[in-house]
Amino acid sequence: MKQVVAADFFCGAGGLTSGLRNAGIEVVKGIDVDPSVKESYEKNNPGSIFLHYDIRKLSADEVMEGINRKGKFLLLAGCAPCQPFTHFKKKAKFDRRKSLMLHFARLIEKIKPELVLAENVPGFMKNPNRYRKEFLRILDKNGYEYVESIINAADYGVPQRRERYLIMASRIGKVYLPQATHGEGRKPYVTVRKAIAKYPPLLAGQKSKLVPNHSCPTLSPTNLQRIKSIPKNGGTRQSLPKKLKLRCHEDHRGHTDVYGRMSWDDLAPTLTCRCISLSNGRFGHPTQNRAISVREAAALQTFSDDYIFYGMQTKAAMHVGNAVPVLLGEKWGDVFVQITKRWQK
């Protein structure tokens, strides 16, 4: 039976790589422009090598170096930076990162892998979007069948509301989206409690000696007062006494999650690269007077507890927040494995 081998573009610290490996796919290499992810990527995914490249300067020959395609199916996966297409981004000068998906498409056209996976924020699917149209045109031109959709990670067992644009493509047969497993009429959603209640308590600024990456940032005296004043289990900054409210929030009704606490029996909000910062989202612990730890953020992204993130705390948190949830990667990988098995029967 022919196996699936893969290259993971924009790999970050390896969330997608780890999920694909869990599905039985051999991820030969991860490619990213950020060299700070190398240690986390390679130490947690032995056998998968990290390459520091800017995809805009990457050739097809460099991608294929070290990949033995003979007798195997090749998957190219690319989860490009989402910031250029996020709805939070204000209209401003042109963001060069918008073209990254087209550089990924350029390599797809040259290499012609049997399988393709691409992921981004829902904003990538909105019209008019010449980047999406051109990406799909290249798939059509090169004989790919594909499906695209906006999916929510929570529907697949991830304890987090995280909507993503997903496209899965194949040159060897019909492709389909993984079937949702959680939500109305299915299994209950996985909650914050299920994901992080097991970790030992911390004070703001503390680091666990027993659990890797279980550390959280120090809070200023004022922010410590704020989190103590916010009701436990889902409270918001709107409960703050006047003396603790920020002046910029007095006449601003948006971004109400800022300084909020997560709820034990609900899903977590979408994690971002600042997922351990109390002032950047609903990233307060449900009951303890602190922001969530790097380890707790990783659990909400479905990384296993033995997946260690290396580097300074803020860098590790950024790597966690930017990652593809491991469980999502595994679900997507399962689909590709099943497609190849059916094609070979």
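Working carefully through the options L210, L203, L240, find the one that is touching a residue at least 60 places away in the same chain (Cβ under 8 Å) and more than 22 Å from T270 (Cβ to Cβ).
From the options L210, L203, L240, the qualifying one is L203.
Tell me, please, whether a residue that is farther than 23 Å from P35 by Cα, polar (S, T, N, Q), touching a residue at least 12 places away in the same chain (Cβ under 8 Å) and not in a loop (DSSP other than H, G, I, E, B) can be found in region 274-285.
Within region 274-285, one or more residues are farther than 23 Å from P35 by Cα, polar (S, T, N, Q), touching a residue at least 12 places away in the same chain (Cβ under 8 Å) and not in a loop (DSSP other than H, G, I, E, B).
Can you name the residue in region 109-130 that is part of a helix (DSSP H, G or I) and within 21 Å of the chain's Cα centre (by Cα) and, of all such residues, is nearest to S99 (Cα to Cα)?
Looking only at region 109-130, we keep the residues that are part of a helix (DSSP H, G or I), and these are 109-111, 122-125, 130.
Then keep just the ones that are within 21 Å of the chain's Cα centre (by Cα); that gives 122-125.
Numbers: P122: 16, G123: 14, F124: 12, M125: 14 Å.
So, considering only residues that are part of a helix (DSSP H, G or I) and within 21 Å of the chain's Cα centre (by Cα), the one nearest to S99 (Cα to Cα) is F124.
Can you give me the ranges of the strands (runs of 3 or more DSSP E) entirely in region 1-69 with at least 2 residues that are of a type in the set (V, I, T) and buried (at least 17 other Cβ atoms within 10 Å of the Cβ)?
Output list reads 4-9, 26-32.
Tell me which residues, restricted to region 130-152, are of a type in the set (D, E, K, R) and at pLDDT 95 or above.
From region 130-152, those of a type in the set (D, E, K, R) are 130, 132-134, 137, 140-141, 145, 148; that's our starting set.
Within region 130-152, R137, D140, K141, E145, E148 qualify.
Residues that are under 14 Å from the mean Cα position of the chain (by Cα) and assigned to a loop (DSSP other than H, G, I, E, B): does region 302-314 have at least one? Working first, answer last.
Quick first cut of region 302-314, residues under 14 Å from the mean Cα position of the chain (by Cα) only: 302-303.
Still in the running and assigned to a loop (DSSP other than H, G, I, E, B): 302-303.
Yes: region 302-314 contains one or more residues that are under 14 Å from the mean Cα position of the chain (by Cα) and assigned to a loop (DSSP other than H, G, I, E, B).
Please list, ordered by first then second residue, the pairs with beta carbon atoms under 7 Å, 6 or more apart or interchain, first in region 103-132 and without any contact (Cβ under 8 Å) to a residue 40 or more places away in the chain and within 29 Å of I67 (Cβ to Cβ), second part of a loop (DSSP other than H, G, I, E, B) and among the hydroxyl-bearing types (S, T, Y).
none
Mind checking which residues of region 141-184 are in a strand (DSSP E or B), β-branched (V, I, T) and crowded, with 18+ Cβ neighbours inside 10 Å?
First, the residues of region 141-184 that are in a strand (DSSP E or B): 145-152, 160, 163-170, 182.
Of the ones still in play, those that are also β-branched (V, I, T) are 147, 150-151, 167.
Listed by number, the residues that qualify are I151, I167.
Regarding region 218-225, can at least one residue be identified that is modelled with pLDDT of 95 or more and under 24 Å from the mean Cα position of the chain (by Cα)?
no
Rundown of residues vs (1) of a type in the set (G, A, S); (2) within 26 Å of the chain's Cα centre (by Cα), yes/no style:
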{"residue": "N142", "(1), (2)": "no, no"}
{"residue": "A154", "(1), (2)": "yes, yes"}
{"residue": "V158", "(1), (2)": "no, yes"}
{"residue": "Y165", "(1), (2)": "no, yes"}
{"residue": "G183", "(1), (2)": "yes, yes"}
{"residue": "R186", "(1), (2)": "no, yes"}
{"residue": "G205", "(1), (2)": "yes, yes"}
{"residue": "K228", "(1), (2)": "no, no"}
{"residue": "R237", "(1), (2)": "no, no"}
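Filter region 274-295 for residues that are closer than 14 Å to L224 by Cα, of a type in the set (S, T, Y) and at pLDDT 95 or above and give the result.
Scanning region 274-295 gives S277, T287.
Of K232, K315, K341, which residue is out of contact with any Phe, Trp or Tyr (no Cβ under 6 Å at 6 or more places or on another chain) and over 27 Å from N213 (Cβ atoms)?
Details: K232 fails: over 27 Å from N213 (Cβ atoms); K315 fails: over 27 Å from N213 (Cβ atoms).
Unique residue meeting the criteria: K341.
Return the residues of region 198-220 that are crowded, with 16+ Cβ neighbours inside 10 Å and of a type in the set (D, E, K, R); say none if nothing qualifies.
The answer is none; no residue qualifies.
The values are calculated or read from the model by the stated rules, or taken from the named source; none is laboratory data. These numbers come from a predicted model, not from an experiment. Virtual Cβ from ideal backbone geometry, glycine too; neighbours counted across all protein chains shown.
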